[in-house]
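K.L.:
Dropping a structure here in structure tokens format, bear with me for questions.
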2 protein chains.
Amino acid sequence: MLAKVYVTLKKGVHDPQGEAVNRTLGTMGYKGVSDVRIGKYIEVKMSGDNQAEAEAKLDEMCEKLLANTVIESYRIEMSE
Amino acid sequence: MLAKVYVTLKKGVHDPQGEAVNRTLGTMGYKGVSDVRIGKYIEVKMSGDNQAEAEAKLDEMCEKLLANTVIESYRIEMSE
């Protein structure tokens, strides 16, 4: 089973990396980019057939390790 | 217009960050995780109405700045 986890900074949280990329795109001549936010994309391969159980486990992993829930939110997508 | 860019390490490219997370999940007691790969998830807000044009521009940005195409591949998703 493959799980995809998207970890993004919450709204209002300062994103210096995204701002740096935004500025750099500007200096490279790209017009029309108004905002860049950078997050993490995590692929987790898990064994087992029970999708609901795996998703619950993954939710716990996100809370405990994969995301810093003070400043980040996460979204889980399960696929085969 | 909002563009979502997923940057992932190519197959076979060593991912020390993913391995560290995988090991840590193991020591935390999570069984059944066989592989973890960590990539980037980038949201780019762009002005303009022409989606095809924006996507072409974004493709160029990925080649030049957002991804290291020697070791990374990227996927672009456009939304309103």
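The values are calculated or read from the model by the stated rules, or taken from the named source; none is laboratory data. The structure presented is a predicted model; accordingly, all values stated were derived computationally and were not measured. FYI the Cβ positions are ideal-geometry reconstructions off the backbone, even for glycines, and counts take in every protein chain you see.
K.L.:
In this structure, does B:Tyr74 turn out to be of a type outside the set (D, E, K, R), touching a Gly at 6+ places or on another chain (Cβ under 6 Å), at pLDDT 95 or above and surrounded by 12 or more Cβ atoms within 10 Å (Cβ to Cβ)?
P.N.:
Here the answer is no, as B:Tyr74 does not meet what is asked.
K.L.:
Within the stretch B:22-32, identify whether any single residue is farther than 30 Å from A:Gly32 by Cα and within 14 Å of the chain's Cα centre (by Cα), and answer yes or no.
P.N.:
No.
K.L.:
While we're here: May I ask you to verify whether A:Arg75 is among the charged types (D, E, K, R), without any contact (Cβ under 8 Å) to a residue 60 or more places away in the chain and more than 19 Å from B:Tyr30 (Cβ to Cβ)?
P.N.:
Spelling it out, it is not the case that A:Arg75 is among the charged types (D, E, K, R), without any contact (Cβ under 8 Å) to a residue 60 or more places away in the chain and more than 19 Å from B:Tyr30 (Cβ to Cβ).
K.L.:
If a residue must be within 12 Å of B:Tyr30 (Cβ to Cβ), touching a residue at least 24 places away in the same chain (Cβ under 8 Å) and small (Gly, Ala, Ser), how many such residues does the stretch A:45-71 contain?
P.N.:
Number of matching residues: 3.
K.L.:
Got a number for residues in the stretch A:43-58 being out of contact with any helix residue (DSSP H, G or I) (no Cβ under 6 Å at 6 or more places or on another chain) and either closer than 11 Å to A:Ala3 by Cα or surrounded by 14 or more Cβ atoms within 10 Å (Cβ to Cβ) (or both)?
P.N.:
Summing the residues that are out of contact with any helix residue (DSSP H, G or I) (no Cβ under 6 Å at 6 or more places or on another chain) and either closer than 11 Å to A:Ala3 by Cα or surrounded by 14 or more Cβ atoms within 10 Å (Cβ to Cβ) (or both) in the stretch A:43-58 gives 9.
K.L.:
Considering only the stretch A:33-80, how many residues are of a type in the set (Gly, Ala, Ser) and within 16 Å of the chain's Cα centre (by Cα)?
P.N.:
3
K.L.:
Moving on to the next point. Does A:Lys31 count as of a type in the set (D, E, K, R) and closer than 19 Å to B:Met1 by Cβ?
P.N.:
So A:Lys31 fits the description; yes.
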